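Worksheet for the structure shown next.
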Amino acid sequence: MKKFEVKDLINIGIYTALHFLCIFLVAMLGFIPQAFIFAGIIEGFLGAIPVMIFLTKVKKFGMITIMGVLLGLITLLMGRPWPCVVIGLAAGLITDLIWMKADFSKIKFGPVCCGTMMLWSAGMGLPLFFGYRDSYLANLEEGYGKEYVEVIRSLTPDWMFIGMIVIAVVGGFLGGLFAKRILRKHFAKANLVE
């Protein structure tokens, strides 16, 4: 196994921050409760662009896994429950395995990697489901009011957790296709093949 160099760690940090920034900016749509559920498709779409560029830098197994763990830790620091770190680890590891299978160079796998990387965002929605729901909605009610919380409650039955993950993964995949198309010259320069 190849050791990480300083530039690898810098790239992990830069692209993790850019990816999270894209997601965070779109997450502001959550202020509109009806847009909350479908924000994941836009998050995935925009978040795929830095992930696709990051893939051009990834030549060692583990770099994407570290990105996933960092995204999980950021999510945890934002007040989400601890399983978000495990979800981030899983998303990064799955994406790392796919990119390794692509020999770290077959960009046709890029959109799939962008989709699987968005699995980490399940940690962002986790408080709305399972054992976290009541306390999370009570906190939301203090800041946003009862009407907002009732709309969120009606839009998020338990099965919607899977729906939100699917929406984010599809957004990531579509964003990966878009990024692949607009960054074609960049990929050729980085010697990535179709």
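The values are calculated or read from the model by the stated rules, or taken from the named source; none is laboratory data. All of these numbers come straight from a predicted model, not from anything done at the bench. As a convention, Cβ positions derive from the backbone with ideal geometry for all residues, glycine included, and neighbour counts pool all protein chains shown.
Might you check whether a residue that is within 17 Å of the chain's Cα centre (by Cα) and either more than 19 Å from Ala39 (Cβ to Cβ) or touching a residue at least 40 places away in the same chain (Cβ under 8 Å) (or both) occurs anywhere in segment 127-150?
Yes - at least one qualifying residue is present in segment 127-150.
Can you find even one residue in segment 167-177 that is out of contact with any helix residue (DSSP H, G or I) (no Cβ under 6 Å at 6 or more places or on another chain) and under 24 Å from Leu89 (Cβ atoms)?
Yes: segment 167-177 contains one or more residues that are out of contact with any helix residue (DSSP H, G or I) (no Cβ under 6 Å at 6 or more places or on another chain) and under 24 Å from Leu89 (Cβ atoms).
Quick check on segment 32-48: of everything there that is assigned to a loop (DSSP other than H, G, I, E, B) and in contact (Cβ under 8 Å) with a residue 24 or more places away in the chain, which residue is surrounded by the most Cβ atoms within 10 Å (Cβ to Cβ)?
Ile37
Among the listed residues Thr56, Thr75, which satisfies the condition of being more than 23 Å from Ile162 (Cα to Cα), in a helix (DSSP H, G or I) and touching a residue at least 40 places away in the same chain (Cβ under 8 Å)?
The conditions single out Thr56.
Select from segment 70-86 the residues that are more than 13 Å from the chain's Cα centre (by Cα) and surrounded by 20 or more Cβ atoms within 10 Å (Cβ to Cβ) and list them in ascending order.
Arg80
Quick check: is even one residue across segment 158-179 assigned to a loop (DSSP other than H, G, I, E, B), farther than 30 Å from Met52 by Cβ and not small (Gly, Ala, Ser)?
Yes, there is a match, as at least one residue in segment 158-179 is assigned to a loop (DSSP other than H, G, I, E, B), farther than 30 Å from Met52 by Cβ and not small (Gly, Ala, Ser).
So that you can scan it fast, the table gives a plain yes or no per residue for (1) surrounded by 19 or more Cβ atoms within 10 Å (Cβ to Cβ); (2) under 15 Å from the mean Cα position of the chain (by Cα); (3) more than 20 Å from Leu21 (Cβ to Cβ):
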| site | (1), (2), (3) |
| --- | --- |
| Thr56 | yes, no, no |
| Gly68 | yes, yes, no |
| Gly88 | yes, yes, no |
| Lys101 | no, no, yes |
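Give all pairs with beta carbons closer than 7 Å in which a residue from segment 166-194 that is modelled with pLDDT of 70 or more meets a residue that is in a helix (DSSP H, G or I) and charged (D, E, K, R); count only pairs at least 6 apart in sequence or on separate chains.
Ala168/Glu43; Gly171/Glu43
It is to be established whether one or more residues within segment 8-22 are under 17 Å from Ile74 (Cβ atoms) and acidic (Asp, Glu).
No, there is no match, as no residue in segment 8-22 is under 17 Å from Ile74 (Cβ atoms) and acidic (Asp, Glu).
Name the residue, out of Leu18, Leu29, that is touching a Pro at 6+ places or on another chain (Cβ under 8 Å) and either touching a residue at least 12 places away in the same chain (Cβ under 8 Å) or within 16 Å of Gly92 (Cβ to Cβ) (or both).
It is Leu18.
Please tell me if Met63 is over 15 Å from Ala168 (Cα atoms), surrounded by 20 or more Cβ atoms within 10 Å (Cβ to Cβ), modelled with pLDDT of 95 or more and in contact with a His (Cβ under 9 Å, 6 or more places away or on another chain).
In short, no.
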